[in-house]
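Written below as structure tokens is the structure these notes are about.
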Amino acid sequence: TYISRVREDPTVENGLTIWCVSDNLRKGAALNAVQIAELLGRTHLKKG
């Protein structure tokens, strides 16, 4: 993963804009999708 072009974001107080890129060679895209779904489920869905 590479992060570049870190700059102040004038539209958000204390905000930053960044350029970030990575690839899925070390970890399969399917596993990434599962991990994202799990994270969204934990943070945005309420039980019962």
For Ala30 and Asn14 in one chain, what is 0.36 nm times their gap in residues minus the Cα-Cα distance, to one decimal in nm?
-> 2.3 nm
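Once you sort the root eigenvalues of the Cα gyration tensor of segment 2-44 as a ≥ b ≥ c, which label holds: rounded (a/c under 1.5), prolate (a/b larger than b/c) or oblate (the other case)? Please report the intermediate quantities before stating the final value.
Values: a/c = 5.70, a/b = 1.55, b/c = 3.68.
Oblate is the answer for segment 2-44, as a/c is 1.5 or above yet b/c matches or exceeds a/b.
Dipole size in debye (nearest 20) for segment 2-44 around its Cα centre, Lys and Arg Cβ +1, Asp and Glu Cβ -1? Mind showing how you got there, number by number?
Numbers: 5 positive and 5 negative charges, 46 e Å.
The calculated dipole for segment 2-44 is roughly 220 debye.
Just so you know, all these numbers are worked out from the coordinates, no wet-lab data involved. The shown structure was predicted, so the numbers you read here are calculated from the model rather than taken from an experiment. Counting neighbours? That spans all protein chains shown, and the Cβs are built from the backbone with ideal geometry, glycine included.
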